[in-house]
Amino acid sequence: MICDKVKLFRVTVSTNRTDYVVTNDLSQSSTDVVQEVCKIRWKIEEFHREIKQLTGIESCQCRKARLQLNHIACAMLVWVRLKNLVYRTGQTIYEIKHKFLSNYLIEQLKRPSISMCLV
């Protein structure tokens, strides 16, 4: 089905920024409602970006559906935990992950969990 008609909304984001939103939902009549829907959609985009970049959700090499579901569930749990720390600390999710990795690397350099010996 091809839709010939669309609605254009002008949304003022700040004093020096204006966004335009185009929709084929002709029942939309309020700029405020369109702005709220855009905020929700943006949160979904942020979630997708964060879960891909921070949890390794895309790197599953399992072939069985059950193992793939387990991988996705673990990635979601990691994301939930990171977001919880974001709300508690006020840091960004990227700062928290970097801090975890930095602390782990420093600890492993000081006291490796796997001892390496020269042959």
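The values are calculated or read from the model by the stated rules, or taken from the named source; none is laboratory data. Computed from a prediction, not measured in an experiment: that's the story for all the values here. Glycine also receives a Cβ, built like all others from the backbone with ideal geometry; neighbour counts cover every protein chain displayed.
Quick look at the values:
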| quantity | calculated |
| --- | --- |
| Any hit, segment 51-63, residues being free of Cβ contacts under 8 Å to residues at least 24 places away in the same chain, on the phi > 0 side of the Ramachandran plot and surrounded by 12 or more Cβ atoms within 10 Å (Cβ to Cβ) | yes |
| Scope segment 78-99; condition closer than 19 Å to Arg49 by Cα, assigned to a helix (DSSP H, G or I) and touching a helix residue (DSSP H, G or I) at 6+ places or on another chain (Cβ under 9 Å); matching residues | Val78, Trp79, Leu82, Lys83, Leu85, Val86, Ile93, Tyr94, Glu95, Ile96, Lys97 |
| Test: residue in segment 44-59 that is over 14 Å from the mean Cα position of the chain (by Cα) and aliphatic (A, V, I, L, M) | no |
| Where a residue in segment 16-40 is surrounded by fewer than 10 Cβ atoms within 10 Å (Cβ to Cβ) and its partner, wherever it lies, is of a type in the set (D, E, K, R), with Cβ under 7 Å and at least six apart | Tyr20/Arg10 |
| Test: Arg111 is over 14 Å from the mean Cα position of the chain (by Cα) and modelled with pLDDT of 95 or more | no |
| Residue within segment 87-110 that is surrounded by 10 or more Cβ atoms within 10 Å (Cβ to Cβ) and among the small types (Gly, Ala, Ser) present | yes |
